[in-house]
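Enquirer: A single structure is presented below for examination.
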Amino acid sequence: MDSGHPATGPDRALNMCLALPARVVSIDERTDMAVVALGEIKKEISLALVEDVQIDDFVLIHVGYALNKVSPEEAELTLAMFAEAGLVERDS
Amino acid sequence: MKYVEEFRSQDLALKLARTIKRECDPDRQYNLMEFCGGHTHAIFRFGVQDLLPENLRFVHGPGCPVCVLPIGRIDNAIHLATEHGVILCTYGDMMRVPASGRKSLLKVKAEGGDVRMVYSTLDALKIARENPHREVVFFAIGFETTTPPTAVAIKQAQAEGLKNFSVFCNHVLTPAAIQNILESPEVREMGPVTIDGFFGPSHVSSIIGSRPYEFFSEEFQKPVVIAGFEPLDVMQSALMLIRQINEGRHEVENEYTRVVSREGNLKAQALVAEVMELRQSFEWRGLGLVPYSALQINSAYETFDAEKRFEIPAIQASDVKGCECPRILRGVKKPTDCQLFGTVCTPENPMGSCMVSSEGACAAYWSYGRFRH
């Protein structure tokens with residue numbers, strides 16, 4: 001449980017090290033800005049560091065910028081890897 | 001939230017923990033350094049250590065940009081606000097970091113200095129536009145993740161002809177720091193730290209890619225696994241490191257493929273390369289002077305370099321007596337080894353940088369794990 005403590009509480013939303021995956025809701029090509037949704041929260045961010053972003057893509061948000069797109073295919077593969085590692089006895 | 005919750009599944013975490021336990025050789029020790037403070041935080045917040053065998057130890061590295069910035073550079077920033085009368089903009093993390101004479105940017109602000117917390121470099125540009133008759137300096141810190149937004153701001157300022165905007169650049173480089181830790185004779189002298197493998201940072205790697213780690217996995221024969229920040233990412237990456245160690249391999253593997261590629265973000269890399277260049281040397285708290293470990297603004301953009309615009313002297317400032325931050329940053333001491341930890345140094349009243357930043361090892365120990373040790 002977060003406690004409101006400076007290191008753990010809501011202030012973390014302002015933490016410069018935090019980067020979160022957010023869904024692109026709208027894009028303004030003129031300003032290279034986008035509105036993203038982080039759960040219930042909407043936020044305007046810059047697309048200056050990424051290319052070929054479409055609405056409904058997930059991007060990693062950091063200090064007001066999209067850093068990268070999140071690959072849905074790779075995310076599925078990683079989840080499948082967890083499931084496999086957790087289930088299968090290795091032969092070795 | 002998508003891409004968050006499914007990477008925190010408790011059920012999968014317990015299953016992964018069983019696999020890790022099964023594959024750990026009970027007769028050997030696994031010391032795995034998580035370079036990045038984001039991983040330190042995830043390990044403590046989600047109690048990952050509690051799920052793993054005793055002979056697997058997380059060694060916390062220096063990957064907290066707030067923590068590694070030497071006090072002298074914070075003193076410089078304070079002087080910009082107090083002596084030069086600029087509007088000093090910085091990320092919230094920097095506000096409470098103790099500087100010399102028990103000052104901090106927050107105290108300077110309380111005493112009337114014009115220090116402003118910004119969420120983004122875009123906010124700093126906005127402040128510069130709104131205050132054309134004031135000098136506005138962005139106090140830039142951070143690793144490769146945070147550098148491209150600074151480069152964008154400098155380019156934007158040039159495009160707009162914003163003459164009152166400049167950047168006090170303190171951006172640092174991850175591979176140089178990891179190499180320094182591996183090469184440092186001091187690390188060997190100061191404590192029995194052998195590092196068997198590294199968790200590569202998540203978001204730094206999203207920018208630089210996995211390729212830069214290939215050099216030292218080869219040179220130092222240590223495995224590196226680029227790991228996401230969620231608890232299952234950390235556990236899966238630990239398993240990948242254990243397998244490499246058991247099999248005597250030392251490769252760069254990438255667990256965080258949903259964001260990190262081998263090449264990284266080429267657009268961001270190009271922006272940084274256009275605006276910045278390597279510094280010959282930069283001081284890190286805990287590591288000392290590290291060659292080619294930081295960036296400065298290049299001559300083409302020097303009008304936006306606060307170090308060219310203002311007199312910014314090199315200041316040698318010392319840590320608070322008894323503060324073990326330097327050793328904690330190198331992984332040779334744990335926060336609980338410090339006599340100030342939890343007594344006079346707490347997140348409410350921090351003495352050292354590792355307690356201030358939420359990514360710092362001391363803050364993580366205090367907030368989540370202090371009863372464990």
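The values are calculated or read from the model by the stated rules, or taken from the named source; none is laboratory data. From a predicted model like this one, the values you see are computed outputs, not experimental measurements. FYI the Cβ positions are ideal-geometry reconstructions off the backbone, even for glycines, and counts take in every protein chain you see.
Enquirer: So in the range B:320-362, with the set limited to residues that are more than 23 Å from B:GLY101 (Cβ to Cβ) and within 12 Å of chain A (Cβ to nearest Cβ), which one is surrounded by the fewest Cβ atoms within 10 Å (Cβ to Cβ)?
Expert: Ranking the qualifying residues of the range B:320-362, first place goes to B:GLU359.
Enquirer: So B:GLU277 ticks every box in (1) of a type outside the set (A, V, I, L, M); (2) surrounded by fewer than 18 Cβ atoms within 10 Å (Cβ to Cβ); (3) part of a strand (DSSP E or B); (4) within 13 Å of another protein chain (Cβ to nearest Cβ) but one. Which box is left unticked?
Expert: (4)
Enquirer: Now a separate question. Of all the residues that make up the range A:43-68, how many are of a type in the set (D, E, K, R) and facing another protein chain (nearest Cβ under 8 Å)?
Expert: Looking only at that region, the number is 1.
Enquirer: May I pose another question? I'm told B:VAL204 meets every condition in (1) closer than 30 Å to B:VAL320 by Cβ; (2) more than 14 Å from chain A (Cβ to nearest Cβ) except one. Can you identify the failing condition by its number?
Expert: (2)
Enquirer: Can I ask one more? Could you tell me how many of the residues in the range B:119-157 are in contact (Cβ under 8 Å) with a residue 24 or more places away in the chain, within 14 Å of chain A (Cβ to nearest Cβ) and not aliphatic (A, V, I, L, M)?
Expert: Residues that pass the stated criteria total 17.
Enquirer: Of all residues being aromatic (Phe, Trp, Tyr) and part of a strand (DSSP E or B) in the range A:52-86, which is nearest to the chain's Cα centre (by Cα)? Just the residue, please.
Expert: A:PHE58
Enquirer: Follow-up. Answer yes or no as to whether B:HIS84 is in a loop (DSSP other than H, G, I, E, B), under 29 Å from B:GLY352 (Cα atoms) and at pLDDT 95 or above.
Expert: yes
Enquirer: Does the range B:91-102 contain any residue that is buried (at least 20 other Cβ atoms within 10 Å of the Cβ) and of a type in the set (S, T, N, Q)?
Expert: Checked the range B:91-102: no residue is buried (at least 20 other Cβ atoms within 10 Å of the Cβ) and of a type in the set (S, T, N, Q).
Enquirer: Filtering the range A:78-92 down to residues that are among the aliphatic types (A, V, I, L, M) and more than 13 Å from B:PHE7 (Cβ to Cβ), which residue is modelled with the highest pLDDT?
Expert: A:ALA85
Enquirer: Still on this structure, please answer the following. With among the basic types (Lys, Arg), assigned to a helix (DSSP H, G or I) and surrounded by fewer than 24 Cβ atoms within 10 Å (Cβ to Cβ) as the only criterion, which of B:LYS163, B:LYS109 stands out?
Expert: Unique residue meeting the criteria: B:LYS109.
Enquirer: While we're looking at this one, here's another question. Applying the selection to the range A:21-42, what residues are at the interface with another protein chain (Cβ under 10 Å from one of its Cβ atoms), over 13 Å from the mean Cα position of the chain (by Cα) and surrounded by 13 or more Cβ atoms within 10 Å (Cβ to Cβ)?
Expert: Selection gives A:ASP32, A:MET33.
Enquirer: Restricting attention to the range B:195-238, report how many residues are in contact (Cβ under 8 Å) with a residue 40 or more places away in the chain, crowded, with 24+ Cβ neighbours inside 10 Å and in a helix (DSSP H, G or I).
Expert: 12
A quick yes/no check of all residues on (1) outside the structural domain of B:VAL332 (by TED's automatic domain parsing); (2) more than 17 Å from B:PRO62 (Cα to Cα); (3) aromatic (Phe, Trp, Tyr); (4) modelled with pLDDT of 95 or more:
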{"site": "B:HIS203", "(1), (2), (3), (4)": "yes, no, no, no"}
{"site": "B:ILE207", "(1), (2), (3), (4)": "yes, yes, no, yes"}
{"site": "B:GLN221", "(1), (2), (3), (4)": "yes, yes, no, no"}
{"site": "B:VAL224", "(1), (2), (3), (4)": "yes, no, no, yes"}
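Enquirer: Still on this structure, please answer the following. Consider B:ALA294 carefully, then state whether it is buried (at least 19 other Cβ atoms within 10 Å of the Cβ) and either farther than 25 Å from B:PHE58 by Cα or small (Gly, Ala, Ser) (or both).
Expert: When the stated conditions are applied, B:ALA294 passes them.
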